[in-house]
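> Just passing along the structure, written as structure tokens.
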Amino acid sequence: MGLTRKILKTGRVAEPEVPAGQMLPQAAGLGGSVQVRHVDAGSCNGCEIEIGQAFSPTYDAERHGLRLVASPRHAGVLTVTGPVTVNMAGPLRKTFEAMPQPRIVVAVGDCAKDCGMFAGGYGVAGPVADVVPVDVHIAGCPPEPAAIVAALRGLTGR
């Protein structure tokens, strides 16, 4: 007797399934679940609020095999928000280097890509890609939680 799987689709909390072809090649080594370490490199905290919502019961990123962890040694994915400030460039590099292989860096928000309104600021070292290699960029100022969950789902293959 075969089991059937029901997919709950209710409003914004349900996203379309991510086809296996959209999964990053380096994500294949991460397995079915992904441990995520987050670093705020100098943002206005708008993206942090949206990341928090992505892991809240409404968007429930954990049901897709995503989990926030406190240590980079346990993480396979590093999410970074904001332009990298002069004071955060070193800690961001150390966090990246402490992660085991394979590791994927996700730049969350427009400031992480091109420094946004902080470009040219006195304390700004540059965008995330100037400090660590970026594999995925999630656009938006700030990006919606559904977009964050959808991008991270591409890493789990779920």
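> Exactly one of these conditions fails for N87: (1) surrounded by fewer than 18 Cβ atoms within 10 Å (Cβ to Cβ); (2) more than 19 Å from D114 (Cβ to Cβ); (3) at pLDDT below 95. Give me its number.
(3) is the only condition that N87 fails.
> Let me ask something else about it. Take region 131-155 and flag every residue that is of a type in the set (D, E) and touching a strand residue (DSSP E or B) at 6+ places or on another chain (Cβ under 6 Å).
Hit for region 131-155 is D135, nothing else.
For every residue, the table says whether it meets (1) in a helix (DSSP H, G or I); (2) modelled with pLDDT of 95 or more; (3) under 20 Å from L155 (Cα atoms).
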residue	(1), (2), (3)
V39	no, yes, yes
A70	no, no, yes
T79	no, yes, yes
R93	yes, yes, no
P100	no, no, yes
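> Out of everything in region 102-130 that is among the aliphatic types (A, V, I, L, M), in a helix (DSSP H, G or I) and touching a strand residue (DSSP E or B) at 6+ places or on another chain (Cβ under 6 Å), what residue ends up being nearest to E48 (Cα to Cα)?
Per the criteria, the residue is A112.
> Looking at region 98-132, which of its residues are among the charged types (D, E, K, R) and free of Cβ contacts under 8 Å to residues at least 24 places away in the same chain?
Selection gives D114 alone.
> I need a count of the residues in region 91-130 that are surrounded by fewer than 20 Cβ atoms within 10 Å (Cβ to Cβ), among the aliphatic types (A, V, I, L, M) and under 18 Å from the mean Cα position of the chain (by Cα).
Matching residues across region 91-130 total 2.
The values are calculated or read from the model by the stated rules, or taken from the named source; none is laboratory data. Given the structure is predicted, the values throughout are model-derived calculations rather than measurements. Here the Cβ is made from the backbone with ideal geometry for all residues, glycine too, and neighbour counts use every protein chain on show.
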